[in-house]
Amino acid sequence: MRRLGYGPDNVLKTKIFTRNVNGFRDPALILNDQLRQVFIDAELDVVDTAQYYNRVFKKDYAVGLNLTGSSLDDPDQNF
């Protein structure tokens, strides 16, 4: 990040988009904490489930958190 010009005095600002459900909101807070360590200041954008899926289908987000699990042996499920 420092090679790109970001650091403690110049942080990258973005939003983390997630559902307003504890199972989604809590991991988003953990992600936000981890992003701060690499100079990314993320604001949590929490929306209701109906709005969440509408925005996902429109691809109206920069960083999204989804908890869909998959098998380690078969990455083709995600494509």
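Tally Lys/Arg at +1 and Asp/Glu at -1 over every other residue whose Cβ is under 14 Å from the Cβ of residue 34; what's the total? Display every interim value, and only then the final one.
Values: positive: 36; negative: 26, 33, 41.
Summing Lys and Arg as +1 and Asp and Glu as -1 gives -2.
A DSSP coil position with no more than 10 other Cβ atoms inside 10 Å describes the following trypsin sites (Lys or Arg not before Pro) in region 1-60: 2, 3, 59. Rolled with a 1.4 Å probe across the full set of protein chains, the surface gives residue 45 an accessible area near 40 Å².
Say R0 is 22 Å: what FRET efficiency, to the nearest 0.05, do residue 14 and residue 48 get from their beta-carbon distance? That pair, residue 14 with residue 48, gives E of 0.55.
What chymotrypsin sites (Phe, Trp or Tyr not before Pro) in region 4-51 are in a loop by DSSP, with at most 15 other Cβ atoms within 10 Å of the Cβ? Mind showing how you got there, number by number?
Numbers: sites: 6, 17, 24, 39; in loops: 6, 39.
Taking region 4-51 and a limit of 15 other Cβ atoms within 10 Å, the loop chymotrypsin sites (Phe, Trp or Tyr not before Pro) found are 6.
The values are calculated or read from the model by the stated rules, or taken from the named source; none is laboratory data. Values in this document were obtained by computation on a predicted structure and should not be read as measured data. FYI the Cβ positions are ideal-geometry reconstructions off the backbone, even for glycines, and counts take in every protein chain you see. Accessible surface is based on the protein model in full, side chains and every heavy atom, while ligands, DNA and RNA are left aside. Shrake-Rupley method; radii C 1.70, N 1.55, O 1.52, S 1.80 Å.
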